[in-house]
Amino acid sequence: MEKKGIALKNLGRYEEAIYAYDRALEIRPYQYQAWFGKGITLLLKLITNL
């Protein structure tokens, strides 16, 4: 699910990417890459909504 989140983020589909990261974190809550990716995606979503 983390790779799906990365792909969706790169396509600008931030809501779907955040959902994919959340699913990855349900499976592995201590996976730092998923937390980092989710944080970057949330930041990009915020920046594009300004």
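Filter the chain down to the residues that are of a type in the set (S, T, N, Q) and surrounded by 15 or more Cβ atoms within 10 Å (Cβ to Cβ) and list them by number.
Gln31, Thr41
Residue pairs, Cβ under 9 Å, 6 or more apart or interchain, first in segment 30-50 and under 11 Å from Glu2 (Cα atoms), second charged (D, E, K, R) and part of a helix (DSSP H, G or I). List them.
Gln31/Glu2; Gln33/Glu2; Ala34/Glu2; Ala34/Asp22; Gly37/Glu2; Gly37/Lys9; Lys38/Asp22
Every read-out reported here was derived from the displayed coordinates using simple, explicitly stated rules and does not represent laboratory data. The shown structure was predicted, so the numbers you read here are calculated from the model rather than taken from an experiment. Please note: Cβ atoms are built from the backbone with ideal geometry, for glycine as well, and neighbour counts cover all protein chains shown.
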